[in-house]
Every structure is written in structure tokens, then in C-alpha cells.
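K.L.:
Structure provided below as C-alpha cells; questions to follow.
The values are calculated or read from the model by the stated rules, or taken from the named source; none is laboratory data. The structure displayed is predicted, hence computed values, not measured ones. A quick note on method: Cβ atoms are made from the backbone with ideal geometry, for glycine too, and the neighbour counts reach across all protein chains shown. For accessibility, only protein heavy atoms count, side chains too; no ligands or nucleic acids. Shrake-Rupley method; radii C 1.70, N 1.55, O 1.52, S 1.80 Å.
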Amino acid sequence: MVDSKGVILDADSLGCDIDLSSFQQIMPFQVFATTSSNQVATRIESCNVVFTNKVVITEAHMQQNPQLRYIGILATGTNNVDLNAAAKYGITVTHITRYGTHSVAQHTWSLILSLVTQQYRYQQAVQQGRWSASPFFCLLDYPITELAGKKLVIVGYGELGKQVAKIGEAFGMEVLLAKVPGSPQYNNKNRLPLAEAFALADIVSLHCPLVTQTRHLINDESLSWLRPHTFLINTARGDLIDEAALLQALINNRLAGAGLDVLAVEPPPVDHPLIAAELPNLLITPHCAWGSQQARQRLVTQARNHLLNFLANKPTGLVG
């Protein structure tokens, strides 16, 4: 593309320690820290190449910018770009894959281990002086669960699910794979129906994509299949869970606990019900599972390579 220029709409979503200057070696790029929905049209005007992490690109944006030829999603999820419209207008869309496997798996297990060891509650007890005031050498106020021999149910057995499963096996856990609605692997004989898998689970970890069939996969009904000692982990997408149903399950002790790195609305409002509840059996982290410096640098390198390959008529990282 002669005299091409590009824009990065939400650079700060990748962290301030990531250098994006290498994109300028390909073509002139304007880099914005953040972009609101009402700024998108102006900022992509006359650009041939657009990079976005979570900023939404609609059909209207594409229609208004016939020069647009390439959209690079700086993430794996693609629900922020109208893919049907992109195909209609001949716009190539790429995304990033397999860049954060180790980071997300590590974070998943940090949530699991914090919940089963009650480590965060014991830390609070130490800070509050309760250990110092104890007549014994230790505190055992909260139940600690061993993972060995327990059943880990993986919902979504892709790159991330496989890595989490591998670590679970190292802890001596039995790994069970659940069927995911809408997945091409749904009829795989090695996968259990969701209700059957949940009834056996000690820990459920979500790693499936958010599509129509998986929205609110965790709801009143599916939560009822879990036993009260089960822990639920979500480092995938917030809308996989009906948050109101989860809150009630935790309040009513129908679930031992939950660890979430994602919520349906991000960032969440300050009065978000799950946060405001301040439940002792709920851990929430701010969508940072993917955020190791190494993972974010791999993301940027992959995004740059996808653009270079597109310009060389050898596209990689295509969505779909």
C-alpha cells in the first residue's frame, strides 16, 4: 500500500512498559493511549491500517473509511470487530494467538492455590495480629484442601486449557474435559456432558471462547450441578458467567469459592455487586492474567509480523 499510514487506538491497554516504536519502521503510525467510542471515526479517518485491543470497530466505521484495508486485533478475542462487515468490505482482520499461555495458566493456578489454601485469609490473620495472639504455634482457622486426587474439570481444551490441565496433572489431579456448546469438539467421545462433568468436579476452570452458545454458560442451572465444595475459576471472558447467579450461589454456600480475572463489564462500576459483596470466598483480579511482560512483548512482536506478512501478500494470523 503506497503512502499507507496506520493508527493504534488503545496502546496503554498493553502497558506503559511495552515499546511500539517498531511499527513506525513499517509505516507512519499515530499512537493513542486510549480511544473512546465517539473518537474512533475521527482517529481512523484516512488510515489504511488500524490496531485495536478492545476498542470496537463497527460496520459504520468501515463504510465511512473505504481506504481501510487491515485491522489488527491486539488480542485473541475478536468480538470487538464486526467480522461480517470486514469480509463484506474486503478488509483483512488478524488477531494474536498463543502469546499468553504461560502467563494465563500461571495466574489461573495462583487463583486456585489461593482459594484451596486460603492463603489470602491467613495473610490477613497475620496482619491483624491473630497469629501473635494465638496460644498455639499455628493458626488453622480456615479449611485447607489438598489438590492431589481431586477432579479438575476443564471447559475449553485449547492452548490454555491444555496448559492448565498439564499443571493440574502435576499436582496429582484427575483432569476431566467438558463438552462446550458450539465447539467443533462437542461430540468428542473423550469429553463429558457439562452436567455430568460438573457433578464430578472439585474445581472447574473456564477457558472457552465467548460465543452465543457459551454466554452465561454458568447460570442458575449449571451452578446447581456443582457440589458445595467446588471452586469455580474464570480467566476467559466475563460473560461466560451469569454474575447474579454466581453471587447468590456464593452467598448461599452452594459453591465453596470462585476466582475471577474477568467480569462482564470492564472496568467494572465501583458498586459492582460481586465486588461490593466483599465475600471471603471470592477472589477478583483486574483482567491481568495475560499481563506478564514477556507475554505482552510476544503479542506486539506477533502483531508486527502479521502486518509485515500482510504487506508481503502472505497473510498470517487471519481470524476464522
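K.L.:
Report, in deg cm²/dmol and to the nearest 500, the calculated mean residue ellipticity at 222 nm for the chain, where each DSSP H run with n ≥ 4 adds -39500 (n - 2.57) and the sum is divided by the residue count.
P.N.:
-8500 deg cm²/dmol
K.L.:
Based on the Cα coordinates of the chain, what is the per residue volume of their convex hull in Å³?
P.N.:
On the way: hull volume 49.6 nm³, N = 320.
Measuring per residue, one finds 155 Å³ for the Cα hull of the chain.
K.L.:
Ignoring ligands and nucleic acids, what accessible area does Tyr89 show with a 1.4 Å probe (Å², nearest 10)?
P.N.:
Tyr89 has an accessible surface of roughly 70 Å² with all protein chains in place.
K.L.:
I've got another one for you. Sort Arg296, Arg130 by accessible area with a 1.4 Å probe, largest first. Numbers along the way, then the final one.
P.N.:
Values: Arg296 25, Arg130 80 Å².
Order by accessible area, largest first: Arg130, Arg296.
K.L.:
From the phi angles alone, apply the Karplus equation (6.51, -1.76, 1.60; θ = phi - 60°) to segment 155-164 and give each ³J(HN,Hα) in whole Hz, x where the residue is Gly or Pro.
P.N.:
Along segment 155-164, the couplings run 10, x, 9, x, 4, 6, x, 5, 5, 5 Hz.
K.L.:
With a 10 Å cut-off between alpha carbons and a GNM built on the chain, which of Ala33, Ala165, Ala258 moves the most?
P.N.:
Ala33
K.L.:
Could you report the chain's accessible area per residue, 1.4 Å probe, as an integer in Å²?
P.N.:
The answer is 50 Å² per residue.
K.L.:
Quick one: Cα centre-to-centre distance for segment 179-222 and segment 156-176, in angstrom?
P.N.:
Cα centroid of segment 179-222 versus Cα centroid of segment 156-176: 15 Å apart.
K.L.:
Dipole magnitude of the chain about its Cα centre, charges +1 at Lys/Arg Cβ and -1 at Asp/Glu Cβ only, in debye to the nearest 20?
P.N.:
For this selection, approximately 800 debye.
K.L.:
Further question on the same structure: Where the centre of each part is set by its Cα atoms, how far does segment 95-113 sit from segment 31-94, in angstrom?
P.N.:
Answer, in whole Å: 27.
K.L.:
What's the FRET efficiency of Thr58 with Arg227 using the Cβ-Cβ distance as r and R₀ = 51 Å, to the nearest 0.05?
P.N.:
Values: r = 43 Å, r/R0 = 0.85.
Efficiency, from the Cβ-Cβ distance: 0.70.
K.L.:
Further question: Picking from Gln163, Gln124, Gln293, which is most flexible by a Gaussian network model of the chain using Cα springs under 10 Å?
P.N.:
Gln124
K.L.:
Counting pairs on different chains as well as pairs 8 or more places apart, how many Lys pairs in the chain have Cα atoms under 27 Å apart?
P.N.:
20
K.L.:
Please list, in order along segment 94-102, the HN-Hα scalar couplings obtained from phi with the Karplus expression 6.51 cos²θ - 1.76 cosθ + 1.60 (θ = phi - 60°), rounded to whole Hz, x for Gly and Pro.
P.N.:
10, 9, 10, 10, 6, 9, x, 4, 5
K.L.:
Percent of accessible area on segment 45-183 owned by carbon and sulfur, 1.4 Å probe?
P.N.:
Using a 1.4 Å probe with all protein chains present, segment 45-183 comes out at 52 percent carbon and sulfur.
K.L.:
Using modelled amide H (1.01 Å from N, peptide plane; none on Pro or chain starts), what sits under 5 Å from the amide H of Val81, excluding residues fewer than 5 places away?
P.N.:
Here Ile57 satisfy the definition.
K.L.:
Quick one: with all protein chains in place, what share of the accessible area of segment 235-320 is carbon or sulfur, to the nearest percent (1.4 Å probe)?
P.N.:
57 percent
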